[in-house]
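Below is one structure, written out as structure tokens; the observations come after it.
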Amino acid sequence: MLKKPWGGRFKKDTHQIAERFSASVDFDRRLYKEDIQGSVAHVTMLAEKGIILKSEAEKITKGLKQIEKEIESGKFSFREEFEDIHLNIEKRLIEKIGAIGGKIHTARSRNDQIALDMRLYLRREINEITLLLKDIAGSLVGLAEKNIDTVMPLYTHLQRGQPVLLSHHLMGLYEMLKRDRERYIDCLERVNVMPLGAGAGAGTTFPIDREYVAKLLGFPKVTQNSIDTVSDRDFIVEFISVSANLMMHLSRVSEEFVLWSTKEFDFIDLGDEFTTGSSIMPQKRNPDMAELIRGKTGRVYGNLVAILTIMKGLPFSYNRDMQEDKEPMFDTADTVKSSLEVLSAMLKNITFKHENMEKALTEGFITATDIADYLTRKGMPFRKSHEVTGRIVGYAEEKGRELVKLHISEYKMFSRLFEKDLFGHITLEGSVGGRKSYGGTARRNVLRMIAQGKKETGKW
Ligand code: ARG
């Protein structure tokens, strides 16, 4: 008899080159815990339904638990000739408890087994990711509260636009990550479905109880169609896609941190622990962690393209191509988690340079919109107010003076509508405080966002 568990009808061994090419145990060994967890539930159900004996199930379960310990203590030797994690564990089980171990694969195929392992794995990863997101969201809310009154420029086109509260900006990042969290939770809905019992794709002749297995493993529901079950990898596509979106956001935050830590902006200090020096330029402090988050975003996009491409030409149902789904999935989860971890730590270390942020507001006629709004409130059509204000800005620029420094008589040269009360609107406080529209930058609005953020994250 040949060594392969499926070798019955073969006369020759697999060629070494083919064996090396097709083995996945090098990377799918990461699923050992899920594989064992799934097998224990499966044999428990088999015994419950009288398909195998209770004593056999107990023996198998005990053997599997020992194997788990062997793997965890590094004593287990993974063998390429047994292809994947499933057969490695099964082979070892038979070695340990004898032929009875072979009953583990009753009413099961590796096609539904791998689907189960990956769903169990992703479920845990998504939970860990959402906890990291909760931590970061909490930090953002905390930072917003701490820096509630700091004013900074709102940038559009990376040009200074209008004064806003830093806390408003931070709560904007919070909203962004909140949507990512919602996407993960939604994705979990489709990950968290129990596939075992689909067999190779047609179901099984044994009187199994899939609902019972689902209950044992904490799945709220079972998959509906056995063919679809073994050919579906949407849940991985979705996970990577949601992750790509999150990484895009983390990359944007990182890019901002990179910019803000330059001498040109000088808005933040990331601290010694999260920056590095240059091996040649002694004065330098580089924002490498932020740069790496930005860079790692590329890997996750790559993983998304990989999984979509792997799946696109596959006929129903399982095809071996699908073995290629694991590395993009692992790499995505690893990259997302490590990026979130480092961002979380960075946020606990960051200091905002309030004075520099405010200094950036003293040049650039940042309250010009408020002048236009003033004229508009006095009855001038906004388009006209915009034009008049534009001419005032041109005048101020020529004179080399800021808008608050112009005299009321100078304003009156441009429009008779100007009165002294204008100056209450074009200071930073006046400008920020005036933006009371829902979601706008007025302090009271931002305080509401902070309160809501606290309430929401409390439930995450
Ligand atoms: N290693 C395989 C995979 O990851 C497990 C399923 C294999 N099924 C099979 N019939 N060869 O897809």
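Shape call for the chain from the C-alpha gyration tensor, a ≥ b ≥ c root eigenvalues: rounded (a/c under 1.5), prolate (a/b greater than b/c) or oblate? Please list the in-between numbers first.
Numbers: a/c = 3.27, a/b = 2.74, b/c = 1.20.
Here the chain falls in the prolate category.
Could you work out how far helix 166-191 tilts from the main Cα principal axis of the chain, as a 0 to 90 degree angle to the nearest 10?
20
Ranked highest first by the average count of other Cβ atoms within 10 Å around their residues, in what order do 167-174, 270-277, 111-118, 294-301 fall? The partial results should precede the final answer.
Details: 167-174: 23.1, 270-277: 15.0, 111-118: 25.6, 294-301: 18.4.
So the order, starting with the most tightly packed, is 111-118, 167-174, 294-301, 270-277.
Report the Cα centroid-to-centroid distance between region 287-311 and region 186-254 in angstrom, as an integer.
If you average the Cα positions of each part, the centres end up 23 Å apart.
Please label the shape of region 40-186 as rounded, prolate or oblate, based on the square roots a ≥ b ≥ c of the eigenvalues of the alpha-carbon gyration tensor (a/c under 1.5 means rounded; beyond that, a/b larger than b/c means prolate, else oblate). Numbers along the way, then the final one.
Values: a/c = 3.84, a/b = 3.46, b/c = 1.11.
Prolate.
Treating only the Cβ atoms of Lys and Arg (+1) and Asp and Glu (-1) as charged, compute the dipole magnitude of the chain about its Cα centre; round to the nearest 20 debye. Please report the intermediate quantities before stating the final value.
On the way: 71 positive and 66 negative charges, 159 e Å.
With Lys and Arg at +1 and Asp and Glu at -1, about 760 debye.
Run the quick spin-label model on residue 80 and residue 262: label points 7 Å from Cα toward the beta carbon, then report their separation in nm to one decimal.
Placing both labels 7 Å along Cα→Cβ, they lie 4.9 nm apart.
Ranking 339, 261, 73, 415 by Cβ neighbours within 10 Å, fewest first, what do you get? Intermediate results must be reported in sequence, preceding the final value.
Values: 339 26, 261 22, 73 8, 415 18.
Starting with the residue having the fewest Cβ neighbours, the order is 73, 415, 261, 339.
How far is helix 326-347 tilted, in degrees, relative to the longest principal axis of the Cα atoms in the chain, given as a value from 0 to 90 rounded to the nearest 10?
The helix 326-347 is inclined about 40 degrees to the chain.
Using a simple spin-label model with points 7 Å from Cα along the Cα→Cβ vector, what separation in nm is obtained for residue 413 and residue 341?
Placing both labels 7 Å beyond Cα along the Cβ direction yields 6.3 nm.
Starting with the fewest neighbours, write out 369, 362, 427 ranked by other beta-carbon atoms found within 10 Å of each beta-carbon. If you can, show how the numbers build up before the last one.
Numbers: 369 19, 362 10, 427 15.
With the fewest neighbours first, 369, 362, 427 line up as 362, 427, 369.
Mean residue ellipticity at 222 nm from the helices of the chain, using -39,500 (n - 2.57) per DSSP H segment of n ≥ 4 over the full residue count, to the nearest 500 deg cm²/dmol?
Values: 19 runs with 280 residues, N = 460.
Computed mean residue ellipticity for the chain: -20000 deg cm²/dmol.
Using a/c under 1.5 as the rounded threshold, could you call region 325-427 rounded, prolate or oblate? The axes a ≥ b ≥ c are square roots of the C-alpha gyration tensor eigenvalues, and prolate needs a/b larger than b/c, oblate otherwise.
Numbers: a/c = 4.08, a/b = 2.67, b/c = 1.53.
Prolate is the answer for region 325-427, as a/c is 1.5 or above and a/b outweighs b/c.
Over the chain, calculate the relative contact order: mean separation of alpha carbon pairs under 8 Å at least 6 apart, over the residue count, as a percent. Let's see the in-between values first.
Numbers: 595 pairs, mean separation 72.7, N = 460.
Result for the chain is 16 percent.
Give me 413, 311 ranked fewest to most by other Cβ atoms within 10 Å of their Cβ, as a rough exposure proxy. Provide the component values of the computation, followed by the final result.
Values: 413 13, 311 19.
Going from sparsest to densest Cβ surroundings: 413, 311.
Given the peptides 98-105, 34-41, arrange them by the average over their residues of other C-beta atoms within 10 Å, most packed first. Can you show the working numbers first?
Details: 98-105: 17.0, 34-41: 23.1.
Most protected by this proxy first, the peptides run 34-41, 98-105.
Where does each of 239-252, 46-59 land if you order them by average Cβ count within 10 Å, highest first? Can you show the working numbers first?
Values: 239-252: 22.2, 46-59: 16.7.
The peptides rank, most packed first, as 239-252, 46-59.
Name all residues of region 98-121 having a backbone nitrogen under 12 Å from the label point set 7 Å from the Cα of residue 205 along its Cα→Cβ direction, giving them as ranges.
107
Any idea what angle helix 32-48 forms with the longest principal axis of the chain, computed on alpha-carbon atoms, 0 to 90 degrees, nearest 10?
In the chain, helix 32-48 runs at an angle near 50 degrees to the longest axis.
Hey, got the dipole for region 111-158? About the Cα centre, +1 on K and R Cβ, -1 on D and E Cβ, debye to the nearest 20?
Details: 5 positive and 7 negative charges, 8 e Å.
With only Lys, Arg, Asp and Glu charged at Cβ, the dipole is about 40 debye.
Based on alpha-carbon positions alone, could you give the equivalent ellipsoid semi-axes of region 182-233 from the gyration tensor, as √(5λ), descending, whole Å? Don't skip to the end; give the middle numbers.
Details: eigenvalues 92, 40, 6 Å².
Value: 21, 14, 6 Å, ordered largest first.
Just how many pairs of Lys in region 282-343 have C-alpha atoms closer than 24 Å, counting pairs that are eight or more places apart or on different chains?
Working: 284/296; 296/326; 296/337; 312/326; 326/337.
Taking region 282-343 as the scope, the lysine pair count is 5.
FYI, it's all coordinate maths here, none of it is from the lab. For clarity, every value in this text was computed on a predicted model and none was experimentally measured. Glycine gets a Cβ as well: all are built from the backbone with ideal geometry, and neighbour counts include every protein chain shown.
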